[in-house]
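Heads up: the structure comes next, in structure tokens.
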Amino acid sequence: MGRADTLKIIGITGLDLYIPILTYVFGEAQLGGKCALVSSYRLLPPDSASISSKIIQDRVVKTAIHELGHTFNLVHCKNDCVMHISYNLKDIEAAPASFCYYCDILLQDEVKKLNPQSIK
């Protein structure tokens with residue numbers, strides 16, 4: 001699969017994703033897992049020809065960051081944060097592409113646990 005020193009892996013698919021309790025999700029990751037998956041299916045709706053490529057790119061990037069956050073044990077956040085839960089495209093577009101102060105600290109702690117060489 002990947003090199004032994006690979007911390008996380010992310011995949012992107014054009015297939016629609018869902019979980020038993022939701023009819024669709026933009027991405028999926030196991031909390032603390034190694035991999036995350038992002039679906040472009042709902043991020044690029046049929047009318048996407050009228051949407052700028054910057055908006056589409058932002059949607060995919062924010063979803064990827066969010067899902068990778070879950071692999072680093074970050075849960076949904078109530079702050080203005082990329083880890084805020086998104087129920088629709090407007091939620092994704094409104095979210096920043098960065099972590100809030102608290103999630104950033106939690107992320108740094110998780111990275112240090114997984115990669116002790118990263119400690120400065």
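The values are calculated or read from the model by the stated rules, or taken from the named source; none is laboratory data. On a predicted model such as this, the values are computed, not experimentally measured, just so you know. Cβ placement follows ideal geometry from the backbone for every residue including glycine, while neighbour counts extend to all protein chains displayed. SASA here: full protein model, heavy atoms, side chains in, ligands and nucleic acids out. Shrake-Rupley method; radii C 1.70, N 1.55, O 1.52, S 1.80 Å.
Quick notes
- Dimensionless Rg/Rh of the chain - Kirkwood Rh, Rg from C-alpha atoms: 0.98
- Per residue, the chain reaches -10500 deg cm²/dmol at 222 nm when only DSSP H runs of four or more residues are counted, each adding -39500 (n - 2.57).
- Against the main long axis of the alpha-carbon atoms of the chain, helix 53-71 sits at an angle near 40°.
- Above-threshold pairs, the threshold being 25 Å between Cα atoms, out of 54/113; 54/90; 62/112; 34/90; 34/62: 54/113; 34/90
- Whole-percent carbon and sulfur share, accessible surface of the chain, 1.4 Å: 60 percent
- Taking Cβ separations below 4.7 Å as the criterion for a possible disulfide partner, the isolated cysteines in the chain are 35, 103.
- Taking every protein chain into account, the accessible area of the chain amounts to 65 square angstrom per residue (probe 1.4 Å).
- Tilt relative to the chain, helix 101-114 - C-alpha long axis, 0 to 90 degrees, to 10: 60 degrees
- Looking at the chain, the DSSP beta bridges with both ends there are about 50 percent antiparallel.
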